[in-house]
Amino acid sequence: MAELIWTDRAIASLESIYDYIAADSAQYAQHQINHILIRAERLKIFPESGRHIPELPHLPHRELIVGAFRLIYRYDSSNERVYIINVLHGRQLLTDVMFAG
């Protein structure tokens, strides 16, 4: 089973997502965050289940689509670690800068 590691950037993204949604409904914001966290936990068992990112095929990163969000991660098979790099709204344009960390 792989170890799941959340980067500071990914944690900050989750907090921003929560804050944005909570402005309308704290209950729905918590539901969305829980949904993302549950999907991320599955990566411990199935670390290569996400697809390669179509816009950035030169990167080793993968993504899971969770509702309206893209959970961006990288799996390091040499040490069995999944690094959650970022969580972005599906409408955001992707750039290499979003994957630093």
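The values are calculated or read from the model by the stated rules, or taken from the named source; none is laboratory data. Predicted model only: the values in this text are computed from it and were never measured. Here the Cβ positions follow ideal geometry from the backbone for every residue, glycine too, while neighbour counts run over all protein chains shown.
The table that follows gives values for the structure above.
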{"quantity": "Residue match in segment 53-66 (condition: among the β-branched types (Val, Ile, Thr), within 11 Å of the chain's Cα centre (by Cα) and either under 15 Å from Val87 (Cβ atoms) or assigned to a loop (DSSP other than H, G, I, E, B) (or both))", "calculated": "yes"}
{"quantity": "Leading residue by the ranking (farthest from Gly90 (Cα to Cα)) among those in segment 1-53 that are touching a Leu at 6+ places or on another chain (Cβ under 9 Å) and surrounded by fewer than 17 Cβ atoms within 10 Å (Cβ to Cβ)", "calculated": "Lys44"}
{"quantity": "Lone unmet requirement of (1) farther than 16 Å from Met1 by Cα; (2) in a strand (DSSP E or B); (3) in contact with a Lys or Arg (Cβ under 9 Å, 6 or more places away or on another chain) for Leu94", "calculated": "(2)"}
{"quantity": "Cβ pairs under 9 Å, 6+ apart, first in segment 22-47 and more than 24 Å from Tyr73 (Cα to Cα), second modelled with pLDDT of 95 or more and of a type in the set (Val, Ile, Thr)", "calculated": "Tyr28/Ile21"}
{"quantity": "Members of segment 10-47 that are within 13 Å of the chain's Cα centre (by Cα), of a type in the set (D, E, K, R) and farther than 16 Å from Arg62 by Cα", "calculated": "Glu15"}
{"quantity": "Residue among Gly67, Gly50 that is more than 15 Å from Thr7 (Cβ to Cβ) and in contact with a Phe, Trp or Tyr (Cβ under 9 Å, 6 or more places away or on another chain)", "calculated": "Gly50"}
